[in-house]
1. In a shell of Cβ-Cβ distance under 13 Å around Ile149, excluding Ile149 itself, what net charge do Lys and Arg (+1) and Asp and Glu (-1) give?
2. What FRET efficiency would be calculated for the residue pair Glu104, Asp137, taking the C-beta separation as r and a Förster radius of 45 Å, to the nearest 0.05?
3. Determine the alpha carbon to alpha carbon distance for each of Lys191/Lys229; Lys83/Lys198; Lys198/Lys229; Lys136/Lys227 and list only those over 26 Å.
4. What is the extension gain from Ser93 to Ser78, computed as 0.36 nm multiplied by their sequence separation minus the C-alpha to C-alpha distance, in nm to one decimal?
5. With only Lys, Arg, Asp and Glu charged, each at its Cβ (+1 for the first two, -1 for the last two), find how big the charge dipole of region 87-149 is about the Cα centre; round to the nearest 20 debye.
6. Amide H to amide H, which residues 5 or more places from Glu100 or on other chains are under 5 Å from it, using H placed in the peptide plane?
7. Can you tell me how much longer the chain between Val70 and Glu199 gets when fully stretched, taken as 0.36 nm per residue apart minus their C-alpha distance, in nm with one decimal?
8. Fully extended, how many nm does the chain gain between Thr61 and Arg189 (0.36 nm per residue separation, minus their Cα-Cα distance)?
Amino acid sequence: MALPHKYCLAKVIVPFLLCAAPGWAQEQAKPAPPRSPEAALAVVAKHLSDHYALYLYESLTAQILFNEGVLERPNSPSAPKAKDSLWALGIISDSILAEEEDGEYLNIDKVPEFFEDIVHRYLNAAHYWPDREITKDTRREHLAAWYSIYLMLLVGNATQEEIAKKLRNGAFNVDPEMLQTRGPSLVDRLKKEGALTKETHALVQIKRAGQAGRESLSFPPYMDHWKAKIESAYDLTPSP
């Protein structure tokens, strides 16, 4: 199923794997331990269809705009990371979109498969990327893999009300009557349905604190650990 940007007609699409990126290793994944981040994230990835896929694209677009803003600041120490972030986000975008003469299209059906491939490739027990050494030469590959998981967690933890609000004013034609405004996030629903256990739910849950609109988000420890190593490789680690 392909869904167009506004004022375009629907059409079927396109390649989806990150192998388009030089250096992104093609690694053979082993079966994930049942309580590993890989297993938990794979469950979430399989359910990134329909409005979740649309919300993911909207989140990706917001991250692109944020990093473009960083590059507009003169002499920003975050500029190298922002430049590589745009490279990484561009790979994700190109992998789930197709350019046609009459517009750009999102292939909803390919989104779950794309993100499940990312999970198995970078979080499998044999080649667990969050624990790998990160150098200046490998940092943008780590950043690209991290960004994919980061976006997936944002989508998986968004409430139905948050998704509906963003999609009503988003880039795609969406029937407002089809958008639910009540109900749990995807990860909470999967826990309720038994697809995620208490332990695996904790591996994909983002905890919130503070007032709505000014909330602080706490990601699972493996994500924060991985992010800290990436930022250190960009010399962005705060001084003590």
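1. -2
2. Step by step, r from the Cβ atoms, then E = 0.90.
3. From Lys191/Lys229; Lys83/Lys198; Lys198/Lys229; Lys136/Lys227, over 26 Å: Lys191/Lys229; Lys83/Lys198; Lys198/Lys229.
4. Additional length available on full extension: 3.2 nm.
5. For region 87-149, the charge dipole is close to 600 debye.
6. Tyr105
7. Extra length available between Val70 and Glu199 comes to 42.7 nm.
8. Result: 43.5 nm gained on full extension.
None of the figures in this text is laboratory data; all of them are computed from the coordinates on show. Not measured: the values here are computed from a predicted model. Note that we place each Cβ from the backbone using ideal geometry, even for glycine, and neighbour counts take in every protein chain shown.
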